[in-house]
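Undergrad: Just passing along the structure, written as structure tokens.
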Amino acid sequence: MDKHRTYGTGGNARRRQRPINSWRIFLRYVYTLSLCPMVVGAQAQIVPYVAAQTEYDSNVLDLPSPAQALLDTGSSRRDDFVQRFLGGVNANYQINQQNLHGAVEGRRFDYLHFSQLDHYEYLVDGGLDWALSDDLDGAVDIRQERSMTPFAALSAPQLELQLDRAAGARVNLMVTPEWLVQGGIKNHELDSPIPGVAGFGSSENSVYLAVRYLNIEPFSAGLYGQYLRGNYLGIAGPHDYNQATLDLTSTYVISGLSNVKAEFGYTERNDQTIGSGSISGYNGSLSYMRKLSEKTAVNLQLFRTINSGIAGSGSSSGAVAGAGALAGTGAVVGSGFSVGANWLPTLKITVSANYSLTDSKYESGGATGSVNSNLREVDQLSTLKLTYQALQWLRVSPFASYEDRQANIAIDGFNAAIFGIDVRISLGDAANVK
């Protein structure tokens, strides 16, 4: 697939006059929010919130160079200021041991220079956490989100909106005081149009069963198995696949100040796509958390995963992985590590820093093929965030991040630095606001 395409109406398009003033809408929402009650009844809680975020992105389009931007958009410019406005409501209703919860959120994105990218997004999710007894409980969850597909996931820098839908149910049963049995099902549907394939997406259905032995404190161990069936949509040819995973899991708590969690297993994936996608191999993760003091904690994780190429490689959740999604209609093997730290200098201030490195290899090509077949990427992401809970209803969070992606196909590599600040207002428990 040729990545050299004309971008919308052009990077040098004149700024249009918007019929909507986003700041005015935001201020009106804040005023309306102030009139809303925080608690309705003794067992119900409603938490409305609004937020405004401004950030500078040095490479909005995730392009490797100014020269590439000139080819794709007609302008060598890659940086821009982005404003995001959102408003939403989180709600919970407790009925004895049953908890009904839901959330609705709307978002508006405005780009100062690349105004062709202005768009709306939304999120709706909800569910029921139920318990019939101390030994039997579970949950039912649903979620639907409309969001922008990251440019790193596309073969041309143009606005595409994807629709991500998921629904699932899970059950936990304490068979004896020592043995816990868990099971669940999940359906995941992703409609993710890409240049040249308007109906591209995926559909997956999975079922899992886990058994855990708990009566060997501070150590617990278990066995986890999952079976998944899926298929890619909108492209010609057979694209069904199935994937089976079996893992050994364990947790070891050390003195209450630290813990170690480990998963190790084997995944076998069979893909009907001709010449690509089928793979078998080991997978797992090892994580360590240490509380250094009442104010400081650190964490480390090592991992190796086998997933569908469409499941994302570090961008937003549910995004199409890699630049050249048609080449990603197969498995992606990801391995790497992450390290992070949290520091609470005061009761109102939290500082978090994280670094991750992911090496992703796409086992794809063949029938759907593109210039990005057999893509391999090494992605490094560093983030720093300070959260200041100025008042019970006001939270201010300046942040910064830097991403560097190297690829065996040069056009798929890029780097970007982002600096910004997020201001959130809520009426209710701040822990219920993202």
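Undergrad: Can you tell me the Rg and Dmax of the stretch 165-207, counting just the alpha carbons, in angstroms?
TA: According to the Cα coordinates of the stretch 165-207, Rg and Dmax are 17.1, 56 Å.
Undergrad: Quick one: 3J(HN,Hα) in Hz for the stretch 199-216, Karplus 6.51/-1.76/1.60 with θ = phi - 60°, rounded, Gly and Pro as x.
TA: x, 5, x, 8, 9, 9, 10, 9, 9, 9, 9, 9, 10, 10, 10, 10, 8, 9
Undergrad: What ranking of Lys348, Lys291 emerges when the number of other C-beta atoms within 10 Å of each C-beta is taken as an exposure proxy, fewest first? Before the final figure, lay out each step's value.
TA: Numbers: Lys348 12, Lys291 16.
Ordered by Cβ neighbours within 10 Å, fewest first: Lys348, Lys291.
Undergrad: Sticking with this structure for a sec: How large is ³J(HN,Hα) for each residue in the stretch 344-350, as worked out from phi by the Karplus curve 6.51 cos²θ - 1.76 cosθ + 1.60 (θ = phi - 60°), to whole Hz, x for Gly and Pro?
TA: Couplings: 10, x, 9, 5, 9, 10, 10 Hz.
Undergrad: In whole Hz, what ³J(HN,Hα) sequence does the stretch 386-392 give by Karplus (6.51, -1.76, 1.60; θ = phi - 60°), x for Gly and Pro?
TA: Values, residue by residue: 10, 10, 10, 7, 4, 9, 4 Hz.
Undergrad: What does the stretch 126-220 give for Rg and for Dmax, in Å, if only its C-alpha atoms count?
TA: 19.3, 56
Undergrad: Taking Cα centroids, how far is the stretch 45-79 from the stretch 140-217 in Å?
TA: One Cα centre to the other: 27 Å.
Undergrad: Can you give the log10 of the normalised intensity I(q)/I(0) at q = 0.12, 0.17, 0.21 Å⁻¹, computed with Debye over equal Cα scatterers of the stretch 36-166?
TA: -0.64, -0.94, -1.20
Undergrad: Where does each of Tyr362, Tyr122 land when they are ranked from fewest to most other beta-carbon atoms within 10 angstrom?
TA: Values: Tyr362 26, Tyr122 15.
Final ranking by Cβ density, sparse to dense: Tyr122, Tyr362.
Computed from the coordinates by the stated procedures, all read-outs in this text should not be read as laboratory data. The structure displayed is predicted, hence computed values, not measured ones. Here Cβ is always computed from backbone atoms with ideal geometry, including for glycine, and neighbour counts include all displayed protein chains.
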